1. Q55 to D135: extension gain in nm, 0.36 nm per residue of separation minus the Cα-Cα distance?
2. Report the full-extension gain for the segment H34 to T167: residue separation times 0.36 nm, less the Cα-Cα distance, to one decimal in nm.
3. At 7 Å along the Cα-to-beta-carbon direction for both T186 and V146, put a label point, then send me their distance in nm to one decimal.
4. Where does each of I41, I138, I123 land when they are ranked from fewest to most other beta-carbon atoms within 10 angstrom?
5. Which of F46, F30 has the fewest other C-beta atoms within 10 Å, and how do the rest follow up to the most?
6. What's the center-to-center distance, using Cα atoms, between region 119-147 and region 54-88 in Å?
Amino acid sequence: MLASLLAPQCALADGSRGDAAVALAKQRWFDSPHGPMLERILPPGFEPAQLPEPQTEGARLTLRYCVQCHNLPNPAMHHAAKWPKVVHRMVERMRGRGNMGRLMADMMAGVEAPDDAEVVRLIAYLQRNAQAPLDPKIVPEAFLPVGEPFRLACKQCHVLPDPRRYTAAQWPAVVARMERNMAWMTRVVGSKPIPGEPQLR
């Protein structure tokens, strides 16, 4: 089982052990006939060393289970209220009971799912490090016409982030990373989802 192979590698969620866990998962994708689809679920670029609270069990659970089927997710990709629904949907898929019937079961062959207690701890970790929705009272200009490009771009994938989350010096790199993510997901500012296209929502 892949998770059994990953477990010894996940004693820490950062550094070379985390990278080894990701490498094992990518090898699984390479060997799977469904690999190209799995690789496209989430954009690459978020590394194990970037996980918040890297020494905690939550970070280890994220690395142990979430990279079995797609690139490592950033806990900030969703806001706290959204994570439980996302995690429960993913757990159902890992248990072979997703929305694609037999195909889902075939795709999840060799994948291990967290038990119920681990699911609770995983959700708590993701919620604790989730994206905090922007409060209109704190940055009102973001909701005025001048803030429209910001709203159109960011709301395609997640709630509006607080501009104070990063410094002025950090934002250019963050925006560049988000632009790469949008290109990966075929998103551009102002675009609308194509009917039937998988959405990261």
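1. Numbers: separation 80, 0.36 × 80 = 28.80 nm, distance 3.05 nm.
Once the chain is fully extended between Q55 and D135, it gains 25.8 nm.
2. Numbers: separation 133, 0.36 × 133 = 47.88 nm, distance 4.02 nm.
Using 0.36 nm per residue and subtracting the Cα-Cα distance, I get 43.9 nm.
3. 3.7 nm
4. Values: I41 13, I138 10, I123 21.
Ascending number of Cβ neighbours within 10 Å: I138, I41, I123.
5. Details: F46 18, F30 10.
Fewest-to-most Cβ neighbours within 10 Å comes out as F30, F46.
6. 17 Å
FYI, it's all coordinate maths here, none of it is from the lab. Values in this document were obtained by computation on a predicted structure and should not be read as measured data. In this analysis, Cβ positions are derived from the backbone assuming ideal geometry, glycine residues included, and neighbour counts consider all displayed protein chains.
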